[in-house]
Each structure stands twice: as structure tokens, then as C-alpha cells.
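Asker: Sending over a structure as C-alpha cells; questions will come in a sec.
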Number of protein chains: 2
Amino acid sequence: MFTTERYIERRKKLLQMMAGETALILGERLVPRNYAANTFSFRQSSHFLYLVGLNLPDMALLLQDGQYTLFGEEPSMDDIVWTGPLPSLAELGQTVGLDKVKPLSELPAILRKSQNNLHYLPPFQGEQLLWLSAMLEKSPAEVASGYSKKLAKALVDLRVIKDDAEIKEMQAAHKISVEAYNAMAMAIAPGKSEYDILAVLNGIMAKHAAEHSFSPIVSVHGEVMHNITYKNSLKEGQLLLIDSGAESKECYASDITRTFPVSGKFTAKQKEIYDIVHRAQTKAINTVAVGVENLTVHLAASLEIAKGLTELGLMKGNPEEAVKAGAHALFLPHGIGHMLGLDVHDMEDLGDLVGYPEGEPRSSQFGLNCLRLKRELAAGWTLTIEPGIYFIPELIKMWEGEKRHADFINYAKLHDYLDFGGIRLEDDILVTDKGPVIIGGQMPIASQAVEEWMQGKIKAN
Amino acid sequence: MFTTERYIERRKKLLQMMAGETALILGERLVPRNYAANTFSFRQSSHFLYLVGLNLPDMALLLQDGQYTLFGEEPSMDDIVWTGPLPSLAELGQTVGLDKVKPLSELPAILRKSQNNLHYLPPFQGEQLLWLSAMLEKSPAEVASGYSKKLAKALVDLRVIKDDAEIKEMQAAHKISVEAYNAMAMAIAPGKSEYDILAVLNGIMAKHAAEHSFSPIVSVHGEVMHNITYKNSLKEGQLLLIDSGAESKECYASDITRTFPVSGKFTAKQKEIYDIVHRAQTKAINTVAVGVENLTVHLAASLEIAKGLTELGLMKGNPEEAVKAGAHALFLPHGIGHMLGLDVHDMEDLGDLVGYPEGEPRSSQFGLNCLRLKRELAAGWTLTIEPGIYFIPELIKMWEGEKRHADFINYAKLHDYLDFGGIRLEDDILVTDKGPVIIGGQMPIASQAVEEWMQGKIKAN
């Protein structure tokens with residue numbers, strides 16, 4: 001955990017932002033998997049972790065009359081028999097500087113009394129929505145729509161700038177990823193399965209007592225954006241895309257993607273595409289600066305991709321115009337990256353408040369509609385940079401059928417790439433006044449370096 | 001997946017049991033972890049798996065007018081880009097013998113029209129409860145209480161007896177556990193951590209593309225019943241209790257417990273307690289027979305434990321009377337086992353319908369109140385047998401302070417066991433007309449065999 005002072009400091013800032021208001025920060029509950037007693041592993045609310053740091057279910061923080069109160073259950077003898085000795089609620093509160101504690105049973109009446117000016121965050125999970133709905137005696141729909149934009153905005157403003165202790169946590173998460181990618185790079189070989197590589201990853205995660213920050217992608221079908229099945233075997237000549245991240249002790253995320261040639265060496269055709277993605281990633285990272293819109297970063301990478309594909313003859317015409325029209329999104333249907341922190345898409349539970357200027361809707365253009373972060377970058381922000389080039393057969397066929405962007409796309413030549421797969425390269429970036437910093441340092445990324453990495457000649461560190 | 005015929009057969013039986021009724025079997029949805037797009041790994045409803053076999057979110061099976069209809073979403077181009085090519089709903093239905101399919105969007109109106117005689121199962125998870133609540137336009141509380149006991153009872157009657165294909169699945173799950181326990185037995189050593197051993201387990205689970213059937217216990221504090229933290233290091237002289245299970249391809253569970261001496265050899269004191277647990281487990285398994293109440297099995301193991309502890313001088317007086325009074329529950333505060341199948345506690349989402357005669361409440365006696373399965377055993381049932389002896393310092397101190405069962409418990413001598421920990425031994429049993437069968441065969445269990453297992457002299461197979 002962070003120091004007690006840090007939690008006190010964070011809460012003090014929130015108190016100033018919410019002066020005179022009543023605000024509830026509700027923790028999460030255990031989520032049943034097959035039945036009530038068989039649950040998914042517990043994941044605390046990131047907002048609650050940020051302000052309170054206690055990684056336990058069934059807790060709440062209430063700000064009222066300028067004071068904070070921690071609500072929770074006292075451990076019963078049953079709890080002790082089933083889950084081991086536990087500190088009292090007062091002891092828990094003291095570890096994070098919360099002197100005022102109350103039993104959870106008192107919370108509903110307090111909330112109902114103040115519900116006309118109660119601020120709470122949008123519950124994104126069923127268990128929490130039902131909990132709040134029961135406490136407030138309001139329908140889930142009313143509760144879901146009645147959340148406080150002011151409180152959500154305050155949390156965004158607090159959490160978006162990472163302090164030194166948070167950066168250290170993200171470096172710690174990155175360190176686990178380094179060990180995992182070192183091991184996976186050496187383990188990839190024809191004849192193995194995606195699951196074999198996942199097994200290497202899972203073993204290292206367990207060794208570090210770390211949860212995945214999201215369901216990892218370990219796939220020879222990198223062209224499927226969020227492929228979380230692992231049943232394919234690895235074949236000579238294929239690419240293996242691995243997108244995975246770890247959570248540090250305090251639940252900060254890493255999020256790294258590398259794409260490997262299964263045989264240990266890229267084919268000439270693969271290398272051509274790979275090097276474009278690498279150039280686009282380098283370009284994007286170098287575009288990151290305080291005051292630059294992340295849309296600019298996205299477009300810089302997009303242009304690099306359009307230029308590269310035009311040189312290869314897969315696109316045609318003027319690359320700038322192609323990007324403007326959105327033609328390149330056939331190959332890059334997602335955004336350049338997202339905010340990173342206690343959540344791998346940091347604060348995505350608060351919608352686009354973190355990524356877009358207030359009230360500004362997302363573009364409706366295919367590809368840009370998936371850009372999660374558009375805002376002007378500021379010092380202390382942490383985000384991912386993850387361009388990719390994908391050959392999605394179904395999408396190519398659909399666009400070709402519609403003759404969509406036929407001025408910019410050479411569909412005839414694309415037919416040779418229908419079984420190519422996809423390539424993505426991703427690093428985690430800290431924005432500073434002096435420019436972008438790759439959190440934890442960059443793992444091998446140039447095509448030749450990746451080949452040497454797989455041979456054990458070099459290691460990430 | 002099982003054969004199409006098997007799913008058709010199961011649904012035919014349900015149709016007969018629910019003749020003339022309208023019944024909904026709702027699948028599960030993805031559950032958000034940090035935010036909507038970051039979810040826990042998907043776990044389909046076991047009831048839906050049993051009747052339909054499709055392991056995909058957002059589906060429902062409706063029985064109406066003597067006919068089954070499968071409801072689901074047609075894959076969109078977005079789905080294809082993000083999660084890969086998907087079959088159509090009609091194709092999915094055909095694989096499991098369901099010719100009638102309809103879009104999910106038509107389900108709410110159909111349900112509301114028939115809601116006065118709609119049978120549905122109790123939703124145990126927030127997302128499903130909210131889904132049903134929204135479709136029926138009823139409050140979550142109304143929906144939760146309005147489930148159909150008739151339908152729940154029908155599912156219990158169908159699922160409680162396992163057919164050959166199901167037993168094969170449970171053997172497959174057991175086989176993964178065998179590989180995991182073989183590897184873990186060899187990996188345990190002083191200086192390693194609980195997480196190191198979990199890493200071995202997780203690696204093998206991933207290699208087999210298997211999910212844990214429940215959060216595994218890998219703990220030097222075996223006296224904590226459901227300890228799912230793994231942060232302790234393993235020390236010479238300690239015991240390591242491992243309780244874990246795998247899910248087969250069709251999501252059937254294994255559930256195995258072994259307790260290992262960290263140093264590779266039990267101390268004399270540990271061996272005394274271990275051998276009592278082993279005798280109790282053997283006794284319990286041998287008591288399993290068609291027509292025998294599982295309470296009898298529980299009491300047989302309990303008596304063996306009371307006898308053993310009386311011989312050791314930790315208990316005193318008449319062991320039969322001690323068990324009757326519930327004094328032994330200080331050492332065995334849980335039940336002898338539970339039903340096993342598609343859920344590790346099979347059908348526990350339906351409450352005690354599976355474990356107790358209809359309407360019969362659980363005993364209020366400490367220990368017996370945790371007996372999940374009391375009913376008379378029948379051929380084709382599958383269940384766990386898992387006695388244990390635990391020294392729970394807080395519980396011992398509480399009972400001693402109250403002088404509870406002081407006629408049967410030698411508290412003075414117990415003071416030497418406060419740091420002993422706990423031992424549990426568990427196997428999965430199929431009840432047959434010819435007696436009990438250990439599913440997949442028994443892994444090494446006698447104290448000496450466990451030591452040889454850790455040395456690599458023998459292997460489970």
C-alpha cells in the first residue's frame with residue numbers, strides 16, 4: 001500500500017473539489033461465477049483503491065459534512081474460520097488514515113436521508129448496481145442514470161495525473177511483463193499451441209502474485225482485435241500476436257504488445273508490414289508531448305501506415321487524403337491507444353470523460369469511433385501507444401464489395417494478404433515536460449531485435 | 001461438445017417434466033471487471049450448458065407450447081472485427097439440434113406476455129438478475145423471489161444423475177488435476193512460496209486450456225477453510241494444503257485435496273493427525289452406497305476423527321457421544337462433501353434442493369450446518385469426500401473461554417497444537433450399485449505414499 005499520508009492527501013483534494021457535498025465511493029463486492037460461494041477473483045473498485053487502498057469487498061467511503069467515514073463489516077467467527085484472522089474495521093481504517101468507521105448496516109439509512117444531494121459514481125457491475133439500488137430503494141435504471149458527473153469529473157481530474165509512487169507501481173507491473181515476454185519470446189516455436197505460450201505467461205503471473213490487467217491475447221489470428229481463445233497450434237510462417245499486462249501489488253496496470261514470427265524469423269513479406277508498424281509506433285511516441293492532442297498522435301501513426309502501405313502498393317493515391325477520408329482504417333480499425341493506470345483503460349467506467357473534452361462526442365468515422373483518448377496530453381499522464389496493421393478478410397471483402405475507398409485501396413493486391421494475420425506493437429508511455437518516456441524501458445521491438453530475442457541473444461530488462 | 005442427440009434427449013426429458021408450461025433457461029452474460037469492456041473470463045450457466053451446450057454469452061432457451069426456441073444475437077461486422085468470424089444463430093442452433101431460433105430482441109415481449117405462468121431459475125449473478133428484471137419489467141427483488149421451484153426441481157432431477165459421457169468429462173477434468181498434483185508434489189520445497197506452487201498449477205491449467213473449477217487453495221494455513229491468498233513462503237516443518245480442481249472442455253469439475261509436508265517428510269506429530277484424516281476418508285468412502293444417507297457418511301468420518309483424537313488425548317470421553325453433541329466439529333467445522341458436476345458444488349445456485357429432501361432445513365448444530373449434502377445417495381451421483389482436521393486458534397480460544405464441550409475436549413493439550421495448521425484429504429466419488437468408485441482413480445494419499453510422491457518415486461496416473 002501507499003503511505004497513509006498519500007491516501008489522506010488524495011482524500012483532502014477530493015474534499016476540496018466536492019466542498020459541502022455528500023459523496024459516496026462504493027467498493028466492489030465478490031461476483032458469483034457458478035453460485036454465490038464460487039466467485040471470480042475479487043477486483044476492488046479502482047476509485048476506492050485510489051482513495052482508500054483497502055483491497056477488500058463490501059466497503060464504502062462516505063464524504064459528508066466535510067468528514068470521511070469508512071463503512072464495512074466487522075469480521076465474524078465464521079469469517080475467521082473460513083477466511084482467516086482479520087483486523088477489525090477500526091484497525092483497517094487506521095492503516096489508511098480513516099479514524100471514523102461505521103458498520104455497513106448503517107449506510108442505507110444515511111444514504112436515503114441524503115439522497116437528494118448524494119453524489120455517486122456510475123456502477124458498471126451488476127452486483128454493485130443492485131447493492132446501491134437496494135440501499136437507495138430506487139430502481140436499477142434510476143440509480144444507473146442518477147450518477148454524479150461532478151464526482152466522476154473530480155475522480156478523473158485526480159487520477160489522470162500520476163504521482164511518483166504511481167509511476168513506480170506501473171514500473172513494477174512492467175517488470176512482471178518483462179519477465180513474461182522474455183520467457184514467452186524463448187518459448188514460441190512451431191508445433192506448440194497458443195495455450196502453451198499462455199501457460200508460460202500464467203506461470204509467471206502466478207509467481208509474482210499478479211493478476212492479468214485484462215484477458216491476454218495470445219493469438220496467431222492477430223487480425224482479430226480481441227481474440228481471447230487460445231486453441232490454435234503455432235505453425236511455421238505464422239505470426240503470433242501477444243497483448244498482455246500485469247497488475248502491480250496496488251493494482252496498477254501494464255499493457256504491452258509484441259508480434260513474433262513463429263519460426264523465429266520474419267518472412268520478407270512479414271518484415272515489410274512489421275517495419276511499417278514499427279515506424280508508425282516510433283512516430284506516434286515521438287509525437288507525444290505536453291499540449292499535443294492525442295488525435296494528432298493517432299493521425300501521425302495513421303499517416304505513417306498509409307504511406308508505408310502506399311509504398312507497398314496496397315494503398316494508392318495521396319496518403320494524407322487517404323487518412324483524412326479514413327481509408328487506412330481498413331488496416332487500423334482501432335485507436336492509437338488509451339489512458340493507463342489503475343485500470344488498463346484507465347477510468348473507462350466513467351465513459352469518455354477521461355478521453356474527450358466534456359460534451360464532445362466521438363467521431364462517427366470508422367476507426368476514429370474507436371479512439372478512446374483524444375484530449376490534449378498533459379504532464380503526468382500515462383497512456384498506451386499501440387498502432388497495428390491487420391488484414392481482416394471479412395472486412396476487406398465487405399469494403400471491396402461496396403467499393404469503399406476504392407481510390408485509396410488496391411483491393412486486387414490485397415487478395416495476397418487475406419491470410420496474413422495482424423501485427424500490433426504497444427508500449428506504455430509517461431508524458432513529461434521533457435517529452436515521452438517509455439515506462440520501464442522499451443522491450444526489443446525492431447524486427448531484427450525480436451528475432452535475436454527469440455534466439456536468446458538479447459533480453460528485455 | 002456432447003452429441004446433438006444427447007442435448008435433444010435432455011431437453012425432451014425436461015419437456016416431459018414441464019409439460020404444458022413455459023420455461024426459460026437463461027444463459028449468462030459477460031461480467032465487467034474494471035469496466036464494461038474489461039470482463040472476467042466468461043462462464044456459461046451450467047443449466048444452459050447442460051441443455052444447450054453453447055458456451056457463448058447472451059443466449060436463452062425458451063420452452064413454450066411444447067417447443068424449444070433458441071434466442072441469441074446474429075454476429076455483426078463489429079463482432080467479427082473484434083472477436084473473429086462467428087457462425088450464424090441458425091448454424092449454432094443446428095449444432096445442438098435446435099431448429100427454431102429467434103433474435104434476442106424478441107425475447108422480452110414474449111416473456112412479458114407469458115409472465116403469469118413463466119418458469120425460470122433463480123438468477124444468482126447480478127448481470128443475469130438485471131437482465132431478467134429489465135426483460136420482465138419487474139424489480140430485481142420480485143424477480144429474485146419469483147423463480148420456479150418446479151423448474152429448479154426438474155433441473156436437479158435431470159442433472160443429479162450423471163450419464164457415461166458426463167463421467168468421461170469428469171475423468172478428463174481429473175486427468176488435468178493428476179498432472180497438476182504430480183507437478184506440484186515435486187515442486188514443494190522450503191524457501192518457495194505458495195505463489196510458486198500456484199504458478200505450477202496455473203501453468204498446467206493453461207496448457208490444458210482449462211479453467212479452475214474454483215479459486216484454488218494453496219496454503220500453509222490449511223486451518224483456514226477457504227484461504228485464497230498465496231503470499232506465505234513455505235517453511236521446513238509446515239504443512240501445505242492444496243485444494244484445487246479443473247474444468248473439462250464441457251465445464252465438468254474435478255475437486256481434489258492433498259496435504260503435503262513442506263520438508264518432504266511428515267513429523268511424527270503431523271503423521272498422527274494425517275493418518276486419522278486418512279482413516280476417516282477411507283471410512284467415509286467405504287460408507288458410500290446406494291440408499292445410504294450422506295449424513296451417515298459424514299457421521300462415519302466424524303466418528304473416526306473423534307476416535308483418533310481421543311486416542312491421541314486431544315478429545316476425551318465417549319467418541320460416539322462426542323460426535324452426537326457436535327464436539328468434534330471444533331476440528332471438522334465443515335461437511336464431508338458436496339455434489340459435483342458442471343459446478344464444483346453442483347447446482348448450489350438452486351439452494352438446498354440438491355442436497356436436502358424438499359423442505360427439510362439444515363441442522364443448526366455447528367459443523368452440521370455446513371453439510372451441503374444430506375440426502376440418500378443414488379446410483380449415478382457424483383460427490384466429494386473430504387474430511388479434515390483443523391486447529392483454528394481463534395475458534396479453540398473461543399470454545400475454551402466458553403468451556404464448550406469441555407467434557408469431550410482436552411483444551412490443555414490443544415495448546416500444543418495451536419500452530420499445527422490443518423489437514424484435508426479429498427477425492428471425487430461416483431456412486432454405483434456396486435459401491436463407490438473414485439473418479440479417475442485415487443492419487444497417492446497414504447502418508448508414506450505422499451512422501452514418495454514428493455521424491456518422485458511414484459506418480460499419480
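Please treat every number below as a calculation from the coordinates, not as lab data. Predicted model, so just to flag it, every value in this text is computed and none were measured. In this analysis, Cβ positions are derived from the backbone assuming ideal geometry, glycine residues included, and neighbour counts consider all displayed protein chains.
Asker: How many percent of Cα pairs in the stretch A:4-160 exceed 20 Å? The partial results should precede the final answer.
Answerer: Values: 6050 of 12246 pairs.
Summing the P(r) of the stretch A:4-160 above 20 Å gives 49 percent of all pairs.
Asker: Taking GluC sites (Glu not before Pro) as candidate sites, keep only those in a DSSP loop with at most 13 other Cβ atoms within 10 Å, then name the longest stretch of chain A containing none of them. Walk me through the numbers on the way to the answer.
Answerer: Values: sites that count: A:E137, A:E236, A:E358.
Answer - A:1-136.
Asker: Same structure, new question: For the protein assembly as shown, how big is Rg over Rh, using alpha carbon atoms and the Kirkwood form of Rh? It would help to have the intermediate numbers written out before the result.
Answerer: Details: Rg = 28.8 Å, Rh = 29.7 Å.
Taking Rg over the Kirkwood Rh, I get 0.97.
Asker: A further question on this structure: Tell me which residues come under 5 Å, amide H to amide H, from B:K102 once H is placed; ignore anything under 5 positions away on its chain.
Answerer: For B:K102, the qualifying residues are B:L70, B:F71, B:G72.
Asker: Still on this structure, please answer the following. Nearest-to-axis residue of chain B, judged by Cβ, for the B-to-A rotation, with distance in whole Å?
Answerer: B:G126, 1
Asker: Follow-up. How shielded is B:198-211 by partner chains, expressed as the average number of their Cβ atoms within 10 Å of its Cβ atoms?
Answerer: 6
Asker: Largest first and in whole Å, give the semi-axes of the stretch A:212-355's equivalent ellipsoid, each being the square root of 5 times a Cα gyration tensor eigenvalue. Kindly include the intermediate steps, with their values, before the conclusion.
Answerer: Values: eigenvalues 132, 113, 31 Å².
Values for the stretch A:212-355, descending: 26, 24, 12 Å.
Asker: What are the distances, in nm and sorted shortest first, from the label point of B:D58 to the label points of the same position in each other copy, with each label point placed 7 Å from Cα along the Cα-to-Cβ direction?
Answerer: Nearest first, the other copies' label points are 3.4 nm away.
Asker: Give me the percent of DSSP beta bridges within the stretch A:40-135 that run antiparallel, rounded to the nearest 5.
Answerer: On the way: 5 of 8 bridges.
DSSP beta bridges in the stretch A:40-135 are roughly 60 percent antiparallel.
Asker: Now for a separate question. When the helix-only estimate is applied to the protein assembly as shown (DSSP H runs of n ≥ 4, each -39,500 (n - 2.57), divided by the residue count), what is the mean residue ellipticity at 222 nm, nearest 500 deg cm²/dmol? Walk me through the numbers on the way to the answer.
Answerer: Values: 32 runs with 351 residues, N = 922.
When only DSSP H runs of four or more count, the value is -11500 deg cm²/dmol.
Asker: Hey, how many Å between the Cα centroid of the stretch A:414-461 and the Cα centroid of the stretch B:134-181?
Answerer: Measuring centre to centre over Cα atoms gives 44 Å.
Asker: Can I ask one more? Take every Cα pair under 8 Å in chain B that's 6+ residues apart, average their separations, divide by the length, and report that relative contact order as a whole percent.
Answerer: Details: 886 pairs, mean separation 66.2, N = 461.
Computed value for chain B: 14 percent relative contact order.
Asker: Where Lys and Arg each count +1 and Asp and Glu each count -1, what net charge lies around A:G388 among other residues with Cβ under 11 Å from its Cβ? Present the calculation step by step, with values, prior to reporting the outcome.
Answerer: Working: positive: A:R424; negative: A:E223, A:D243, A:E386, A:E426.
Surrounding charge for A:G388 is -3.
Asker: Here's something else I'd like to know. Taking a label point 7 Å from Cα toward Cβ, how far is A:V437 from its twins in the other copies, in nm, shortest first?
Answerer: Output for A:V437: 6.4 nm, nearest copy listed first.
Asker: While we're here: So how far, in whole Å, is the C-alpha centre of the stretch A:341-391 from the one of the stretch A:1-80?
Answerer: Distance between centres, Cα-based: 26 Å.
Asker: Right, something else. What is the sum of charges, Lys and Arg at +1 and Asp and Glu at -1, for the other residues whose Cβ falls under 15 Å from the Cβ of A:L418? Could the numbers behind the result be given before it?
Answerer: On the way: positive: A:K269, A:K397, A:K413; negative: A:E223, A:E394, A:E400, A:D416, A:D419.
Computed value for this residue: -2.
Asker: Rg to Rh for the stretch A:242-297: what is it, with Cα atoms only and Rh by Kirkwood?
Answerer: Working: Rg = 15.3 Å, Rh = 13.9 Å.
Here Rg/Rh amounts to 1.10.
Asker: If r is the Cβ-Cβ distance from A:K434 to B:K397 and R0 is 51 Å, what FRET efficiency results, to the nearest 0.05?
Answerer: Numbers: r = 59 Å, r/R0 = 1.16.
The formula returns an efficiency of 0.30 here.
Asker: Same structure again: Can you give the Kirkwood hydrodynamic radius of chain B from its Cα pairs, in Å with one decimal?
Answerer: Values: mean 1/r = 0.0421 Å⁻¹.
Across chain B, the inverse of the average 1/r is 23.7 Å.
Asker: Residues of A:239-251, mean number of Cβ from any other protein chain within 10 Å of their own Cβ, rounded to a whole number?
Answerer: Values: counts 0, 0, 0, 0, 0, 0, 0, 0, 1, 0, 0, 0, 1.
Taking all residues of A:239-251 together, the mean is 0.
Asker: Which trypsin sites (Lys or Arg not before Pro) from the stretch A:278-312 combine a DSSP loop assignment with at most 16 other Cβ atoms within 10 Å?
Answerer: none
Asker: Same structure, new question: To one decimal in nm, how far is A:T229 from the same spot in the other copies, if labels go 7 Å from Cα toward Cβ? Please give the shortest first.
Answerer: From this label point to the equivalent ones elsewhere in the assembly: 3.9 nm.
Asker: Moving on. For B:A206, what charge total do you get from the other residues with a beta carbon under 15 Å from its beta carbon, if Lys and Arg give +1 and Asp and Glu give -1? Intermediate values should be presented prior to the final figure.
Answerer: Values: positive: A:K192, A:K207, A:K231, B:K207, B:K249; negative: A:E194, A:D196, A:E211, B:E179, B:E211, B:E247.
Within the 15 Å Cβ shell, the charges total -1.
Asker: Only helices at least 27 Å long along their own axis, judged from Cα atoms, and with Kyte-Doolittle mean hydropathy of -1.0 or greater: name those in chain B from DSSP H. Could the numbers behind the result be given before it?
Answerer: Working: long enough: B:164-187 (34 Å, -0.11); B:268-287 (28 Å, -0.82).
Span-like helices, by this rule, are B:164-187, B:268-287.
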